[in-house]
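These notes concern the structure reproduced below.
The values are calculated or read from the model by the stated rules, or taken from the named source; none is laboratory data. Computed from a predicted model, the values in this text were never measured in an experiment. Backbone-built Cβ (ideal geometry, glycine too); neighbour counts: all protein chains shown.
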Amino acid sequence: MARWLVVGAAGMLGTDLVEVLRGRGHEVEGLDLPDIDVLDPASCAAAVAGHDVVVNCAAYTAVDAAETDEARAFAVNAVGAANLARAVAASAGSLVHLSTDYVVAGEGSTPWPADSPVAPASAYGRTKAAGEWAVRAECPRAWVVRTAWLYGAHGRNIPATVARLARERDTFGFVADQVGQPTWTVDLAEGIARIVEAGAPYGIWHGTNGGETSWHGLARAVLEELDLDPSRVAPIATSEYPVPAPRPAYSVLGHEMWADAGLEPLPHWRDALRRAAPSVLGT
C-alpha cells in the first residue's frame, strides 16, 4: 500500500480522509499547523519526504473575508499550493490538490465539464484558480480535485446549521436561486482514494456528489431527515441575503472523467445526506 501524507489533516475533509485511508489499509500521516507550514518551502520539503501520495487539504476558505484579504488568501491557496507541489515533484511522489466550484463562471444550466475555462467571480475563486495553475505547472503527477458545498461531522457546515435553525425557529429562509452539489466529506474521501488506487489519469477531476439542488432544496432535505415539516423552510433570493463575495448561480460540476477512467462517480447527494445524517445531524 502507498504511503500517504494528508496536509490540513485537522480540517473537516482532512479528518475524514485520514480515517478513510487507514480503513482501506494505507499508511497515513496527517499534518496541520504548526507541524507543517505550506508558506515555507523547507517545511513542505521535509514533510513530503518518504511519502508516495500527498493530499493538500490546506486552504484559506473564508470566502467573504477573502474579498478584503485577497493577499492572504493568495498566499495560502496559490503560493502555498505551489510550494507543496514543487516539493512533491522533487520527491518523485504524486499530489492530490483540492480545489473548488468557485473557479467556474457560475452561469448556465448544464454541468460544467472539467476542461471548461476558469472564470472566477470572487477573490476566493481567483486564488483557488491560481492554485490550480501553480499545481499543474509545478507537479506533472497531480490530480486537481474540485469539490463543492462540503459538509461533514468535523467542521461547520450548512446541514448542521439547518438542523440548529430548525431547533431554534419555527420558520426560516434559504437561498433558492443558487444551484450546486452538496458533497459529503466521507464520500469525497472515498473518491480520492479510488482515483489514486486506480492510477487514474492526472489532471482536473470533479469530486462532488451526484445530482443537483439549491440551498433551499438542501435545507428541505435536512428537515426531512429530521422528520420535520420541510415547508418550514422558505425560498429566498440571493438578493435578499447580501454577502461580500459573489456566489456562483449554477456551479454543478460534470463527472465525465469518472466514466472515462472506468470509475463509478460519487453517489447522489440525497443518498449521501441520508447516510451522513447520523454523524452530521445526530439522527
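Is it the case that Ala85 is over 16 Å from the mean Cα position of the chain (by Cα), more than 15 Å from Tyr202 (Cβ to Cβ) and surrounded by 17 or more Cβ atoms within 10 Å (Cβ to Cβ)? It is false that Ala85 is over 16 Å from the mean Cα position of the chain (by Cα), more than 15 Å from Tyr202 (Cβ to Cβ) and surrounded by 17 or more Cβ atoms within 10 Å (Cβ to Cβ). State which residue is farthest from the chain's Cα centre (by Cα) when the search covers only the range 150-164 and only residues that are surrounded by fewer than 19 Cβ atoms within 10 Å (Cβ to Cβ) and either within 15 Å of Leu223 (Cβ to Cβ) or hydroxyl-bearing (Ser, Thr, Tyr) (or both). Among residues in the range 150-164 that are surrounded by fewer than 19 Cβ atoms within 10 Å (Cβ to Cβ) and either within 15 Å of Leu223 (Cβ to Cβ) or hydroxyl-bearing (Ser, Thr, Tyr) (or both), the one farthest from the chain's Cα centre (by Cα) is Arg164. Restricted to the range 220-267, and to residues there that are small (Gly, Ala, Ser), out of contact with any strand residue (DSSP E or B) (no Cβ under 8 Å at 6 or more places or on another chain) and loosely packed, with under 13 Cβ neighbours inside 10 Å, the residue that is farthest from Trp205 (Cα to Cα) is Ser231. With respect to the conditions (1) surrounded by 21 or more Cβ atoms within 10 Å (Cβ to Cβ); (2) without any contact (Cβ under 8 Å) to a residue 40 or more places away in the chain, Arg167 falls short on a single one, namely (1). Residue pairs whose Cβ atoms lie under 9 Å apart, sitting 6 or more positions apart in sequence or on different chains, and linking a residue in the range 180-196 that is of a type in the set (D, E, K, R) to a partner that is at pLDDT below 95, do not occur here. Within the range 264-283, residues that are closer than 15 Å to Leu223 by Cα sit with their Cβ atoms under 7 Å from residues that are exposed (fewer than 15 other Cβ atoms within 10 Å of the Cβ), at 6+ positions apart or across chains, in these pairs: Ala277/Thr283. The number of residues in the range 1-38 being surrounded by fewer than 19 Cβ atoms within 10 Å (Cβ to Cβ) and farther than 17 Å from Ser94 by Cα comes to 11.
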